[in-house]
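A short reminder: the numbers here are calculations on the coordinates, not readings from a lab. Fair warning: this is a prediction, and the values are worked out from it, not measured in the lab. With ideal geometry, Cβ positions are generated from the backbone for all residues, glycine too; neighbour counts draw on all protein chains shown.
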Amino acid sequence: MYVVFLGAPGAGKGTQAAEVAKELKLAHIATGDMFRDAQKKGTKLALEAKTYMDKGMLVPDEITIKMVLERISAPDCVKGVIFDGFPRNLAQAQALDKAMAEQSKAIDHVVYIKVSEEELLKRLGGRWICRQCQSPYHEVASPPKVKGKCDKCGGELYQRSDDVPATIKERLKVFFAQTAPLIDYYSKTGKLVEVNGEGGMDEIKQRILKAVGKKSPR
Ligand code: ADP
Ligand code: ZN
């Protein structure tokens, strides 16, 4: 099963994509995480990507599309994939459709996680992320038990360099201008399902599982 997760920055895409991928045993392809991982290794391409990310802009399509197409030909993607943060504009969506068709595959569902703009701003402001397992926390809404430490793995929490107010504004702008048109693009294929992204983590996960036609064991 191939599923695309759409949602604004702060919609909870990353958390839900990781949970749902684990439950359904699908590969999780998160382009933002891939760029941040590459930056730790300090490759030239990754450092170029960082200059865009820190401004809240999209990394150029040549870099992004090539990286994803390489990733989907890996063996762990045969059973299916959850795409998280890709595609993010029309050119990327078309490149993905083409690559999938060439492998006789197709996207089964597109899950649009919808959250109000007011809530997005609140969430992005106080976000802290685990360096080791990428679990997100929020100063007010979901603080860790021990300040600065991940509940799940004990890893150190940090604030992303693009989670500063000016960059947050730009990322939301980019979402509404470039990514939101994909809602229309995919609704024409009949594959789009809209899920309310406000509520408890587990509640939202259940909504997503239902939207892709899977029931949770509980
Ligand atoms: P968020 O969804 O919270 O903005 P991500 O980790 O998905 O976080 O993305 C962070 C940044 O990485 C984006 O603002 C952008 O600069 C870059 N990025 C991630 N995915 C893509 C993509 N598909 N195309 C271009 N740039 C991307
Ligand atoms: Zn952790």
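Taking the mean number of other Cβ atoms within 10 Å as a proxy for protection, how do you rank 142-149, 15-22, 92-99 from highest to lowest?
On the way: 142-149: 12.6, 15-22: 19.9, 92-99: 16.8.
Going by the mean number of other Cβ atoms within 10 Å, highest first, we get 15-22, 92-99, 142-149.
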Along each of its three principal axes, how wide is the spread of alpha-carbon positions in the range 69-198, in whole angstrom units, largest first?
48, 34, 24
Using Cα positions and a limit of under 19 Å, work out the lysines in reach of Lys98, with same-chain residues fewer than 8 apart set aside.
Lys66, Lys79, Lys188, Lys191
With a 31 Å threshold on alpha-carbon distance, the violating pairs from Lys152/Lys173; Lys147/Lys210; Lys40/Lys169; Lys55/Lys105 are Lys152/Lys173; Lys147/Lys210; Lys55/Lys105
Taking the alpha-carbon centroid of each part, what is the distance from the range 1-72 to the range 143-218 in angstrom?
13
Structure-based [θ]222 nm, the chain - -39500 (n - 2.57) summed over DSSP H runs of at least 4, per residue, nearest 500:
-13000 deg cm²/dmol
Dipole of the chain, positive direction: furthest Cα of Ala99, Ala21, Ile168, with charges on the beta-carbon:
Ala21
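Let me spell out the model: positive unit charges on the Cβ of Lys and Arg, negative unit charges on the Cβ of Asp and Glu, origin at the Cα centre of the range 43-141. What dipole size does that give, in debye rounded to 20? Numbers along the way, then the final one.
On the way: 14 positive and 14 negative charges, 43 e Å.
Once rounded to the nearest 20, the dipole reads 200 debye.
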Quotient of C-alpha Rg and 2.2 N^0.38 Å, computed over the chain
0.98
Normalised by the number of residues in the chain, what is the relative contact order in percent for Cα pairs under 8 Å and 6+ residues apart?
29
